[in-house]
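Inspection log for the structure reproduced underneath, given as C-alpha cells.
The values are calculated or read from the model by the stated rules, or taken from the named source; none is laboratory data. Owing to the predicted nature of the structure, the values given are computational and were not obtained by experimental measurement. We place every Cβ from the backbone using ideal geometry, glycine too, and count neighbours over all the protein chains shown.
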Amino acid sequence: MMRLAPLLLLAAAAFGQDAEVQSPATRALAAELSRLEQASGGQLGLAAIYPEKNLRIGWRATDRFPLAQLYHLPVAIRTLALMEAGLLPFRKWVRVEPGTYLPGHSPIRDRYPDGAVLTIGQLLRYAVAENDASAGEALLSLSGGQQPLKSTLERLVKDGIRIDRTAKEALADLTKQGPQAFAADPRDSTTPEAYTALLTLVHRRVLLKPKPAELLLAWLMEASQGPHRLKALLPADVQAWHIPGTCGTRDKLNLCTSDAGGLILPGDQGHILLSVFLKLSPQDEAARENTLAQATLAVYRFLTTPQ
C-alpha cells in the first residue's frame, strides 16, 4: 500500500507528532482544521498529496469514515480492467430492473422508472460522472460482487478501503443501528490516506491502459454532483476532477459527507490529490459542504504557499 509518509504532519491525534517540531504554517493549518471540525460538531478527516513537491499532509488520516458513493470509483476501475481483459464488453446491453433501484440520487431511476436497458459503458458513466447509486450497485454485481473487488483493493491499498456489503444491505444496517453504531463499524469504510493513495494511482494512470484511464478521468472531470465541496472556494483557474459521497441522516446526525479527487493547478504548478470527509455532524447539507470546501481551501493555500 502507498502510505502517506510523515513529511508534513498536522496533529498528534492524526499522526502522533509533537506540536513543537511543526512549522508555524503547519500549526496554523492545524488550528484552522481544528476550528472547522469543532464548528461542524462532527469529525473531520482528510489526506492530501502534492506529488510534484513531495508534500503529504493529513488530519485524522488513518481514522475510518463511511465510504458511501466513493465506492463507485474502485468498482469502475475493476469494471474497466475486466473490459481490458475481454471479460466484459463495453457495449454489452444489460437490463436494470426497477426492483434494484436505490433511494437517494439515481438519474437512471428517475429517467426510467420501469427499468432500463443500458450498455455497461453507459452504466459506468452514470456511476462516475453522475454518481448514480443504482448504476454503482449494478456495476458491483456485473463485476463479480464484493469479494473480487476486495481482493483488488487489498492489492492496491491493503485494508484501507473496505467494500463488504451491497448498498441495500448497508442502508438496512444504518436504519437498524443508527449513525453512531454504523460509523463505528469498519465495514464499507475507508481511511483518508488510503483513498488519497487510490486517487494518486488514478492520477498516475497506472491502473488501466491509456484509453480507459483517460476515459475514467474525463468522467470524473464531468462529475455533476457535489459542486459546493472540493472546488467551491478555490480560484477559478484551478480545475478539479472528483467523486462525492453523501450518507443519510438519522437522529439528527449525518452519517458522512465527503468528496475526493484531484486539483489541477494552473500553469506548471502541478496537482493536488485530496480526500475530505465529515462524519456524524448535525449540520445541514449546505453547512457540511461548506466545511469540506473551507478545509480544501485551507489545504490548497498551505500546499501552494512557499513555506
- What single numbered condition from (1) touching a strand residue (DSSP E or B) at 6+ places or on another chain (Cβ under 7 Å); (2) within 30 Å of LEU207 (Cα to Cα); (3) modelled with pLDDT under 95 fails to hold for ARG60? (3)
- Could you look through segment 178-193, keep only residues that are of a type in the set (Gly, Ala, Ser) and within 19 Å of the chain's Cα centre (by Cα), and pick out the one that is surrounded by the most Cβ atoms within 10 Å (Cβ to Cβ)? SER189
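Keeping to segment 83-93, report how many residues are at negative phi, of a type outside the set (D, E, K, R) and surrounded by fewer than 17 Cβ atoms within 10 Å (Cβ to Cβ).
The first filter runs over segment 83-93 and keeps only residues at negative phi, leaving 83-85, 87-93.
Filter again for of a type outside the set (D, E, K, R), leaving 83, 85, 87-90, 93.
Then drop every residue that is not surrounded by fewer than 17 Cβ atoms within 10 Å (Cβ to Cβ), which leaves 85, 87, 89-90, 93.
Within segment 83-93, residues that are at negative phi, of a type outside the set (D, E, K, R) and surrounded by fewer than 17 Cβ atoms within 10 Å (Cβ to Cβ) number 5.
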- Query: Give me the pairs: first residue in segment 117-143 and in contact (Cβ under 8 Å) with a residue 12 or more places away in the chain, second residue in a helix (DSSP H, G or I) and basic (Lys, Arg), beta-carbon distance under 7 Å, and six or more apart or on different chains, which are they?
  - Reply: SER134/ARG109; SER143/ARG78
- Item | Evaluation of THR190 against (1) touching a strand residue (DSSP E or B) at 6+ places or on another chain (Cβ under 7 Å); (2) among the hydroxyl-bearing types (Ser, Thr, Tyr); (3) over 16 Å from LEU278 (Cβ atoms) (one fails), failing number | (3)
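Condition (residue is touching a residue at least 12 places away in the same chain (Cβ under 8 Å), surrounded by fewer than 21 Cβ atoms within 10 Å (Cβ to Cβ), of a type outside the set (Lys, Arg) and in a helix (DSSP H, G or I)) applied to segment 194-201: is it met by at least one residue? Give the derivation first.
To start, the set of residues in segment 194-201 that are touching a residue at least 12 places away in the same chain (Cβ under 8 Å) comprises 194-201.
Now narrow it down to the ones that are surrounded by fewer than 21 Cβ atoms within 10 Å (Cβ to Cβ): 200-201.
Subsequent filtering for residues that are of a type outside the set (Lys, Arg) retains 200-201.
When the remaining residues are screened for being in a helix (DSSP H, G or I), the result is 200-201.
Yes, that holds for at least one residue.
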- Which of the residues spanning segment 68-116 are part of a helix (DSSP H, G or I), of a type in the set (Lys, Arg) and without any contact (Cβ under 8 Å) to a residue 60 or more places away in the chain? ARG109, ARG111
- Give the number of residues within segment 225-252 that are of a type in the set (Asp, Glu) and surrounded by 24 or more Cβ atoms within 10 Å (Cβ to Cβ). 0
- Item | Residue list for segment 253-292, filter: assigned to a loop (DSSP other than H, G, I, E, B) and either in contact (Cβ under 8 Å) with a residue 12 or more places away in the chain or crowded, with 24+ Cβ neighbours inside 10 Å (or both) | LEU265, PRO266, GLN269, GLY270, PRO282, GLN283
- Is it the case that segment 205-220 has a residue that's surrounded by fewer than 18 Cβ atoms within 10 Å (Cβ to Cβ), assigned to a loop (DSSP other than H, G, I, E, B) and in contact (Cβ under 8 Å) with a residue 60 or more places away in the chain? yes
- Only one of these is in contact with a Pro (Cβ under 9 Å, 6 or more places away or on another chain), within 20 Å of ASP132 (Cα to Cα), of a type outside the set (Lys, Arg) and outside any loop (DSSP other than H, G, I, E, B): GLY226, GLY245. Name it. GLY245
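Yes/no per residue for (1) surrounded by fewer than 18 Cβ atoms within 10 Å (Cβ to Cβ); (2) modelled with pLDDT of 95 or more; (3) out of contact with any helix residue (DSSP H, G or I) (no Cβ under 8 Å at 6 or more places or on another chain):
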residue	(1), (2), (3)
ARG64	no, yes, yes
LEU80	no, yes, no
GLY115	yes, yes, no
LEU153	no, no, no
GLU169	yes, no, yes
LYS176	yes, no, yes
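Does segment 109-118 contain any residue that is closer than 26 Å to GLN225 by Cα and in contact with a Leu (Cβ under 6 Å, 6 or more places away or on another chain)? Working first, answer last.
The first filter runs over segment 109-118 and keeps only residues closer than 26 Å to GLN225 by Cα, leaving 109-118.
Add one more test, that the residue is in contact with a Leu (Cβ under 6 Å, 6 or more places away or on another chain), and what stays is none.
There is no residue in segment 109-118 that is closer than 26 Å to GLN225 by Cα and in contact with a Leu (Cβ under 6 Å, 6 or more places away or on another chain).
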- Message: Being of a type outside the set (A, V, I, L, M, F, W, C), closer than 23 Å to ALA167 by Cα and modelled with pLDDT under 95 is true for just one of PRO74, PRO103. Which residue is that?
- Response: PRO103
- Result of the Cβ filter at 7 Å on segment 164-177, keeping first residues that are under 20 Å from GLU154 (Cα atoms) and partners that are in a helix (DSSP H, G or I) and among the polar types (S, T, N, Q), at least 6 apart or interchain, is ASP164/GLN146
